[in-house]
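**Student:** A single structure is presented below for examination.
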Amino acid sequence: MYIKHCKLSRNKQLELIKYFIAGSTARTAADLTDIHRNSAVRYFHKLRQKIALKQQSRCEQFCGDVELDESYFGGVRKGKRGRGAAGKTVVFGILKRGGKVYTKVIHDTKTDTLMPIIRQKVKPDSVVYTDCYRSYNALDVSEFHHHRINHSTHFAEKKFNHINGIENFWNQAKRQMRKFNGIPKDQFGLYLKEYEWRFNIVTLQDIY
């Protein structure tokens, strides 16, 4: 993740990378490394761009047991929450149980929006788990084996019939984003890919 053609010395970059990996904000990292805050902000932004490019270039498909779900990100607002809430950023997620997650910012949650993403990222004959949202009805007559979880009756109807994994990812990502006290909407995708990357990385060796 070392960035070439950067005015910061290699040692300063390595210090910033260390604090970035630890989850520090750019301002905190600047204070700890004794550099100007704007320099740390720019460097963290470059790291997120680099991570997003790497995550977006991933071409592997998920197989086996896969969980699908959408989530809504944004500040606390009065009125409707969840699906259909105004002013929120909509994200679709795919999680391989015991494995990695993939996320994508989407404009809506219609079937015509979700199905192309699912077919691109999930192998045929995989077992896919969703909630009872109507946009997933097409999975019943698709190349996938579809199982639903009805949150209004039981959180987990059977031992394996749940989407706890992807919901856990949403909770982690939102908790991490709250510490920034607001993320510019035009940069949200970079932060989202950062948390996707963090979730998928299992050793520091993978980072370097």
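The values are calculated or read from the model by the stated rules, or taken from the named source; none is laboratory data. Just so we're clear, the structure is a prediction, and the values are computed from it rather than from any experiment. Positions of Cβ are backbone-derived with ideal geometry, glycine not excepted, and every protein chain shown enters the neighbour counts. Keep in mind that these areas ignore ligands, DNA and RNA; they rest on the heavy atoms of the full protein, side chains included. Shrake-Rupley method; radii C 1.70, N 1.55, O 1.52, S 1.80 Å.
**Student:** When we measure straight from the Cα of Lys7, which aspartates and glutamates land under 20 angstrom away, once same-chain ones fewer than 8 places off are left out?
**Tutor:** Glu15, Asp31, Asp34
**Student:** Which value in nm describes the separation of the simple spin-label points at Ile21 and Arg58, placed 7 Å from the Cα toward the beta carbon?
**Tutor:** Inter-label distance under the simple model: 1.9 nm.
**Student:** So, one more: Taking R0 as 25 Å, what FRET efficiency do you get between Asp34 and Arg178 from their Cβ-Cβ distance, rounded to the nearest 0.05?
**Tutor:** Numbers: r = 27 Å, r/R0 = 1.10.
Step by step, r from the Cβ atoms, then E = 0.35.
**Student:** Same structure again: In degrees between 0 and 90, to the nearest 10, how far off the longest principal axis of the chain does helix 164-178 point, with axes built from Cα atoms?
**Tutor:** 30 degrees
**Student:** Starting from the amide H of Phe62, placed 1.01 Å from N in the peptide plane, find each other amide H under 5 Å away whose residue is 5 or more places distant or on another chain.
**Tutor:** Val122, Lys123
**Student:** Right, something else. Please give the helix 111-121 orientation as an angle from the longest Cα principal axis of the chain, in degrees from 0 to 90, rounded to the nearest 10.
**Tutor:** In the chain, helix 111-121 runs at an angle near 70 degrees to the longest axis.
**Student:** Run the accessible area of the chain with a 1.4 Å probe and give the carbon-and-sulfur part as a rounded percent.
**Tutor:** Working: 6090 of 11980 Å².
C and S atoms contribute 51 percent here.
**Student:** Just to check, using Stokes-Einstein with a Kirkwood Rh over alpha carbon pairs, what's the diffusion coefficient of the chain at 20 °C and 1.002 mPa s in µm²/s?
**Tutor:** 115 µm²/s
**Student:** Still on this structure: Calculate the length of the line joining the C-alpha centroid of the stretch 175-192 to that of the stretch 123-149, in whole Å.
**Tutor:** Cα centres, the stretch 175-192 to the stretch 123-149: 30 Å.
**Student:** When only C-alpha pairs under 8 Å and at least 6 residues apart count, what is the relative contact order of the chain, in percent? Could the numbers behind the result be given before it?
**Tutor:** Values: 255 pairs, mean separation 41.2, N = 208.
Relative contact order for the chain comes out at 20 percent.
**Student:** Relative to the longest principal Cα axis of the chain, at what angle does helix 188-200 sit, 0 to 90 degrees, rounded to 10?
**Tutor:** 80 degrees
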